[in-house]
1. Pick out the one residue from 84, 35, 45 that is surrounded by fewer than 16 Cβ atoms within 10 Å (Cβ to Cβ) and in contact with a helix residue (DSSP H, G or I) (Cβ under 7 Å, 6 or more places away or on another chain).
2. For region 175-192, give me each residue that is in a loop (DSSP other than H, G, I, E, B) and within 15 Å of the chain's Cα centre (by Cα).
3. Taking the residues in region 7-17 that are under 14 Å from residue 145 (Cβ atoms) and in a loop (DSSP other than H, G, I, E, B) as candidates, determine which candidate is nearest to the chain's Cα centre (by Cα).
4. Among the residues of region 238-266, write down those that are more than 23 Å from residue 221 (Cβ to Cβ) and out of contact with any helix residue (DSSP H, G or I) (no Cβ under 9 Å at 6 or more places or on another chain).
5. Could you pull out the residue among 103, 114 that is modelled with pLDDT of 95 or more and surrounded by fewer than 16 Cβ atoms within 10 Å (Cβ to Cβ)?
6. Restricting attention to region 145-154, does a residue exist that is part of a loop (DSSP other than H, G, I, E, B), in contact (Cβ under 8 Å) with a residue 12 or more places away in the chain and buried (at least 23 other Cβ atoms within 10 Å of the Cβ)?
7. Does residue 250 qualify as being more than 24 Å from residue 85 (Cβ to Cβ) and surrounded by 23 or more Cβ atoms within 10 Å (Cβ to Cβ)?
8. Could you please let me know if residue 224 is buried (at least 17 other Cβ atoms within 10 Å of the Cβ) and more than 18 Å from the chain's Cα centre (by Cα)?
């Protein structure tokens, strides 16, 4: 069984900041906009090196999306930055009408996603954003798992022509993917080969899936673990190849089970290869205030919950 090592916990938002800093040096068309959250989005280094390519919009997120759309007309590649809740729910009309409808080359970069925003509570957490964004025609949706992958994804989306939603988080989490990785939009990453069950995970749940697979291995269950960093376009082939081998699947995400990764996977299975599936996700609920670990445990978004789901889905094969 392949072992993955946490090289030191880092927050994924810092991976975004590092990627943006790199783009500031390598791509003169990249510009950044922020809605009064420079420190939270880790945009400081980009701003220090490229002050003329940064626009502080203030607490006016809808205006930020409109400005970003306009900047693309002149050939710029705008990266917008604010919390995931304010990057989607607060500005959905502007994204739909000004960015998605005309395919503007805007990169909507969203930090503090999911429950792990923690103590700020339900009003600032968002568990519906993946669903909102994946339903927009032409929108690419990416949800990265650690610092290194977030940095790589940030750099990669600058070369992708079209609107992108890049989702990442606040807390420090395991950093276990390769520092020199090549990020391929729409291409799943097979982390662990297995024969008994497929675990497909995204974002913060990828590390939990690996932890679950290790515990399952000790109990004689061979779990295949796939990192789905791109939810749209989804890597249908990777999912189908795996379930044809294992016969059952668990999907894991820090998002509502309605509209998220699990639902996208269900569509692929229903159309191509009906397969027993269990969902690790929030169950049509808002979050609440608490530490990230407390909330992930309460809402069943951790390795223990994945193990229980595996045991249940294997009985349905």
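The values are calculated or read from the model by the stated rules, or taken from the named source; none is laboratory data. Given the structure is predicted, the values throughout are model-derived calculations rather than measurements. In this analysis, Cβ positions are derived from the backbone assuming ideal geometry, glycine residues included, and neighbour counts consider all displayed protein chains.
1. Only one candidate passes the filter, namely 45.
2. Residues satisfying the conditions are 175, 177, 183, 184, 185, 186, 187, 188.
3. Among those residues, the one meeting the criterion is 9.
4. The answer is none; no residue qualifies.
5. When all the criteria are applied, what remains is 103.
6. For region 145-154, residues part of a loop (DSSP other than H, G, I, E, B), in contact (Cβ under 8 Å) with a residue 12 or more places away in the chain and buried (at least 23 other Cβ atoms within 10 Å of the Cβ): present.
7. Considered against the rule, which asks whether it is more than 24 Å from residue 85 (Cβ to Cβ) and surrounded by 23 or more Cβ atoms within 10 Å (Cβ to Cβ), residue 250 comes out as yes.
8. When the stated conditions are applied, residue 224 passes them.
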